[in-house]
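S.K.: Structure below; questions to follow.
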Amino acid sequence: MTSDIIRQEEAREAGTGKTLHVITWGCQMNVYDSARMTDVLRPLGYRPVEAAEEADMVILNTCHIRERAAEKVFSELGRLRKLGEERRAAGHGRTVIAVAGCVAQAEGEEILARAPFVDIVLGPQTYHRLPEMVARAARAGGAVIDTDFPAETKFDFLPAEAAPQTDGNLTAFLTIQEGCDKFCSFCVVPYTRGAETSRPVASVLAEARRMAAGGVREITLLGQNVNAYHGEDGAGGVATLASLAAEIAAIPGIGRIRYTTSHPRDVDQSLIDAHRDNPALMPFLHLPVQSGSDRILKAMNRGHTAEEYRDVIRRLRDARPDLALSSDFIVGHPGETEEDFEATMRLIREISFAQAFSFKYSPRPGTPAAGAPLQVDEAVKDRRLQALQALLREQQDAFNADMIGRTLPVLFTARGRKPGQIAGRSPYLQAVHVDGPETLIGQTAPVLITQRNSNSLGGVLKRERACA
Ligand code: 5AD
Ligand code: SF4
């Protein structure tokens, strides 16, 4: 305890009046984590700044999911080192460089070996220890590495007064679950983010209430396997995502709830029912399927068949007929034949997606698929990806075109680009612009969609009174 206080004091001294710049790569979990790292350092005197050139401390929050992740980190670190040297030459103090996130977790030792000028390496589970690491780095002048999966959870230690991660305070992300135990053949997440853990309900609700009080109207619940959520409910039981969403929906001000990313195996009946019964749950669901071939789904260790995925979608659409879907696809997983690829194309045609992310399989060292036989030729992957993306683009275009003539509830979040315009988002995360009063910002109002622009929809307000 005493040593904790001493460490905090040291950390405060190390940070007083300093500037911090966080560079964020990767998923929304990282965006959230970057905001929380900024929060834990703020009481120590670190003020966030927009440019690395102005920062006394730079945190590079990394992502491991894409190709050549480590190489990109080393190249960025080279740039940051140069910036630090230039600042020093201009009479500033030494720039502290920290590497966080999944690359730090997976390749911490390698980072310190190849980039010895890095001061701090920390994995996604240890952000709450950042103040201590800053103090230790300042004291020792040597590098500090912390990529443990500690017994205590960072959620218990992160500051309560955290600034919500928002765009203009109207929409926010909230991490409720982390890690993954599913071990899909291609994926590094179980190795970098560790075992699946859920944040207790009370802690989630406290943060959601703070967000609502700060003006947030739409919350996106985050987790690598968010629908596997099973947080303690405070009464000796375990909550589900559906029960948690019901409690969040009851918070005054919170009109919209989203969640991402989900796994088909964890879509249970209570979640399907929630899409029917909880009007705050937006009818837009990201549910990655990766492949439409049973053989490849098995090789991927996804734990479900293509038919089981179709069945989940059918049940969800029965519960919520206006539900639109988004998904992730991988082409060229080891062993994928032309027939397997065709099965994926068939599944896409049958289900029809409003949006999707698609990738060529790329081996991640240490994952089972990386060492598997029958790796697919790059040229074949390229061809399949192009065909798949063309089909998905067609479906996305058709989905957006279909909006014309429909009336959508739009949550207005900002002024528009042109004077007299306001901008917001539809239930399907489409940007919508209308002529309307700024007083509607922060409210949801019905909009008749009349036109489609390249990246947004245009429409007219049905009436200028907000929806309930
Ligand atoms: N190669 C290609 N795509 C991958 N993804 C994850 N790992 C890999 C990999 N090794 C994709 C999956 C996942 C999304 C976040 O990234 O589609 O759902
Ligand atoms: Fe990765 Fe599979 Fe876990 Fe998703 S479910 S994070 S793809 S291992």
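S.K.: Step by step: first the residues of the range 437-468, then only those that are among the hydrophobic types (A, V, I, L, M, F, W, C) and under 20 Å from GLY215 (Cβ atoms), then the one that is nearest to the chain's Cα centre (by Cα). Which residue is that?
M.R.: Among residues in the range 437-468 that are among the hydrophobic types (A, V, I, L, M, F, W, C) and under 20 Å from GLY215 (Cβ atoms), the one nearest to the chain's Cα centre (by Cα) is ILE441.
S.K.: Could you check how many residues of the range 370-386 are within 11 Å of ligand 1 (Cβ to nearest atom), of a type in the set (A, V, I, L, M, F, W, C) and at pLDDT 95 or above?
M.R.: Summing the residues that are within 11 Å of ligand 1 (Cβ to nearest atom), of a type in the set (A, V, I, L, M, F, W, C) and at pLDDT 95 or above in the range 370-386 gives 1.
S.K.: Being out of contact with any Cys (no Cβ under 8 Å at 6 or more places or on another chain), within 16 Å of ligand 2 (Cβ to nearest atom) and of a type in the set (Lys, Arg) is the filter here; which residues of the range 291-319 pass it?
M.R.: Within the range 291-319, LYS298 is the sole residue that qualifies.
S.K.: Residue by residue through the range 425-436, note down the ones that are open to solvent by 40 Å² or more (accessible area, probe 1.4 Å) and more than 24 Å from the chain's Cα centre (by Cα).
M.R.: ASP435
S.K.: State whether the residues of the range 318-327 include one that is out of contact with any strand residue (DSSP E or B) (no Cβ under 8 Å at 6 or more places or on another chain), assigned to a helix (DSSP H, G or I) and over 28 Å from ARG406 (Cα atoms).
M.R.: No, that holds for no residue.
S.K.: Kindly list the number of the only condition in (1) buried (at least 19 other Cβ atoms within 10 Å of the Cβ); (2) in contact (Cβ under 8 Å) with a residue 60 or more places away in the chain; (3) more than 17 Å from ILE120 (Cα to Cα) that fails for PRO43.
M.R.: The failed condition is (1).
S.K.: Can you give me the number of residues within the range 357-393 that are part of a helix (DSSP H, G or I), of a type outside the set (Val, Ile, Thr) and either more than 16 Å from ligand 2 (Cβ to nearest atom) or touching a strand residue (DSSP E or B) at 6+ places or on another chain (Cβ under 6 Å) (or both)?
M.R.: Residues in the range 357-393 being part of a helix (DSSP H, G or I), of a type outside the set (Val, Ile, Thr) and either more than 16 Å from ligand 2 (Cβ to nearest atom) or touching a strand residue (DSSP E or B) at 6+ places or on another chain (Cβ under 6 Å) (or both): 16 in total.
S.K.: Does the range 265-291 hold any residues that are within 16 Å of ligand 1 (Cβ to nearest atom), open to solvent by 10 Å² or more (accessible area, probe 1.4 Å) and not aliphatic (A, V, I, L, M), and which are they?
M.R.: ARG265, ASP266, HIS286, GLN290
S.K.: Surrounded by fewer than 20 Cβ atoms within 10 Å (Cβ to Cβ) and at pLDDT 95 or above: does that describe ILE422?
M.R.: The answer is no for ILE422.
S.K.: For the range 216-236, which residues satisfy the criterion of being open to solvent by less than 50 Å² (accessible area, probe 1.4 Å), modelled with pLDDT of 95 or more and assigned to a loop (DSSP other than H, G, I, E, B)?
M.R.: VAL216, TYR229, GLY231
S.K.: Can you tell me how many residues within the range 348-373 are touching a His at 6+ places or on another chain (Cβ under 9 Å), surrounded by 18 or more Cβ atoms within 10 Å (Cβ to Cβ) and not aliphatic (A, V, I, L, M)?
M.R.: Residues flagged as touching a His at 6+ places or on another chain (Cβ under 9 Å), surrounded by 18 or more Cβ atoms within 10 Å (Cβ to Cβ) and not aliphatic (A, V, I, L, M) within the range 348-373 amount to 3.
S.K.: To continue, here is another question. Under 8 Å by Cβ, and 6 or more places apart or on different chains, what pairs join a residue from the range 70-93 that is under 12 Å from ALA52 (Cα atoms) with one that is in a helix (DSSP H, G or I) and open to solvent by less than 30 Å² (accessible area, probe 1.4 Å)?
M.R.: From the range 70-93, the pairs are LEU77/ILE111; LEU80/ALA52; LEU83/ALA52.
S.K.: To continue, here is another question. Which residue out of MET29, MET37 is closer than 30 Å to PHE359 by Cβ, crowded, with 21+ Cβ neighbours inside 10 Å and at pLDDT below 85?
M.R.: Step by step, each of MET29, MET37 is checked, and only MET29 is closer than 30 Å to PHE359 by Cβ, crowded, with 21+ Cβ neighbours inside 10 Å and at pLDDT below 85.
S.K.: Out of everything in the range 46-88 that is open to solvent by 60 Å² or more (accessible area, probe 1.4 Å) and of a type in the set (Asp, Glu), what residue ends up being modelled with the lowest pLDDT?
M.R.: Going through the qualifying residues, I end up with GLU67.
S.K.: Show the residue pairs that are 6+ apart or on different chains and have beta-carbon atoms under 7 Å apart, the first residue being within the range 302-314 and under 17 Å from SER185 (Cβ atoms), the second being more than 16 Å from ligand 1 (Cβ to nearest atom) and assigned to a helix (DSSP H, G or I).
M.R.: Taking only residues 6 or more apart or on different chains, the pairs are THR305/ASP294; ALA306/ASP294; ALA306/ALA343.
S.K.: So which residues in the range 260-269 are without any contact (Cβ under 8 Å) to a residue 60 or more places away in the chain and not polar (S, T, N, Q)?
M.R.: Passing the criteria: PRO264, ASP266, VAL267, ASP268.
S.K.: Looking only at residues in the range 320-335 that are open to solvent by 20 Å² or more (accessible area, probe 1.4 Å) and more than 30 Å from ALA370 (Cα to Cα), which one is nearest to ligand 1 (Cβ to nearest atom)?
M.R.: ARG320
S.K.: Taking GLU71 as the residue in question, decide whether it is acidic (Asp, Glu) and within 16 Å of ligand 1 (Cβ to nearest atom).
M.R.: yes
S.K.: Looking only at the range 171-217, count how many residues are over 23 Å from ALA239 (Cα atoms) and within 16 Å of ligand 1 (Cβ to nearest atom).
M.R.: Of the residues in that region, 9 qualify.
S.K.: Say we look at the range 182-209 and pick out the residues that are part of a helix (DSSP H, G or I) and modelled with pLDDT under 95; which of these is most open to solvent (accessible area, probe 1.4 Å)?
M.R.: TYR191
S.K.: Tally up the residues in the range 267-316 that are in contact with a Lys or Arg (Cβ under 7 Å, 6 or more places away or on another chain) and under 22 Å from LYS381 (Cα atoms), please.
M.R.: Summing the residues that are in contact with a Lys or Arg (Cβ under 7 Å, 6 or more places away or on another chain) and under 22 Å from LYS381 (Cα atoms) in the range 267-316 gives 2.
The values are calculated or read from the model by the stated rules, or taken from the named source; none is laboratory data. Small disclaimer: the values here were computed from a predicted structure and weren't measured. Neighbour counts are summed over all protein chains in view; Cβ atoms, including those assigned to glycine, are modelled from backbone coordinates with ideal geometry. The protein model used for the area step is the full one, side chains on, heavy atoms only, and it has no ligands, DNA or RNA in it. Shrake-Rupley method; radii C 1.70, N 1.55, O 1.52, S 1.80 Å.
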